[in-house]
Amino acid sequence: MADNLEPILAKDGPSTYQHPLRKLKRSHWWILVVLNIIFLIVGQAASVLLGRFYYNKGGNSKWMATLLQTAGFPILLVPYFFLHPSDESPRLPTSPPILTLSAIYCIIGALVAGDNMLYSIALLYLSASTYSLICATQLAFNAIFSFFINRQKFTALILNSVVILSLSAALLALNEDSDKPSGISSRKYIIGILAAIAASALYSLLLSLMQLTFEKVLKKETFSVVLEMQIYLAVVANCVAIVGLFASGEWRTLSGEMNNFTTGKLSYVMTLVWTAVAWQVCSVGVVGLIFVVSSLFSNVISTLSLAVTPIASLIIFHDKMNGVKIIAMLLAFWGCASYIYQNYLDDLKTRKNESDDD
């Protein structure tokens, strides 16, 4: 854990900053990691399945699909109030200027909205297999951004994890026909490919920027800072999505979408509501893993969910589970276990060094 975080600050010379989670017992730290992994995998699998259900049953608004990815942020207020700073461990004596925080949240929030829009376009114009294959490139992008922005250290186990998870996603993608979906023109198909590549790159950049913000700017010792960032970024992203929804004129088509939704109006509303909730559960896991471990680890778990989604499809939609999908899932679990084991070794090494210093 700590070996991956120390180089971020070391490049600027000696620092007195100590990651707040160093204070936790090893078992408590791993509980936090596991909880955030569950949030991310379950939330992302549910949101992807519901997103596909929305498009398959008659939904067609890209801006609505974009808005849903951050619209559920009010539910984060519940855990935030339970984790009020006054009830937690003391914060650092100095806080970053409000103007600095506002600028950071506005910039990253606008990037989040743009990334959500790119994913919505890709999901609309590409088949599931092509979408999954291209999204797997986020690991390669994250490796680049983590190296230059966060000074992420790479070991044999981490590289093994990245390669294995990429192969797993590729197997899932190649398992189905990757031709353009019915009714999608060649022009829209190319747009979808470009949107998926751009979204994967931007998503990886966002993870590194968020980790850098935690380390360099916020420097607070409570998990409430994770929720604060998620809430503020969602507010900005929502504003951008709402402006886009009205400026594009897509808001006029929503009534027709609901009336023509093949499973009914109630199903349409519930699809939107639970999609928004699922995205927020996923977001908590993503940001939580950035705070607890690193941006690369968060991205590895995100890629792992590409293997978990077929399991959810098997249970909910009764999809077939063939040999290729089973092999892909086993590879994904292997890659994830490899990276987690590397963090376990780093944690042992750091705690041993701290014990020797004492």
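Structural remarks
- Residue list for the range 60-86, restricted to those being exposed (fewer than 13 other Cβ atoms within 10 Å of the Cβ) and either modelled with pLDDT of 90 or more or not in a helix (DSSP H, G or I) (or both): His84
- Among the residues making up the range 184-204, those that are of a type outside the set (A, V, I, L, M) and open to solvent by 20 Å² or more (accessible area, probe 1.4 Å) are Ser185, Ser186, Arg187, Lys188, Tyr189, Tyr203.
- Qualifying residue in the range 247-259 (condition: over 19 Å from Tyr105 (Cα atoms) and open to solvent by less than 20 Å² (accessible area, probe 1.4 Å)): yes
The values are calculated or read from the model by the stated rules, or taken from the named source; none is laboratory data. Remember, it's a predicted structure, so these values are computed and weren't measured experimentally. Please note: Cβ atoms are built from the backbone with ideal geometry, for glycine as well, and neighbour counts cover all protein chains shown. Just so you know, the surface numbers come from the protein's heavy atoms only, side chains and all, with ligands and any DNA or RNA stripped out. Shrake-Rupley method; radii C 1.70, N 1.55, O 1.52, S 1.80 Å.
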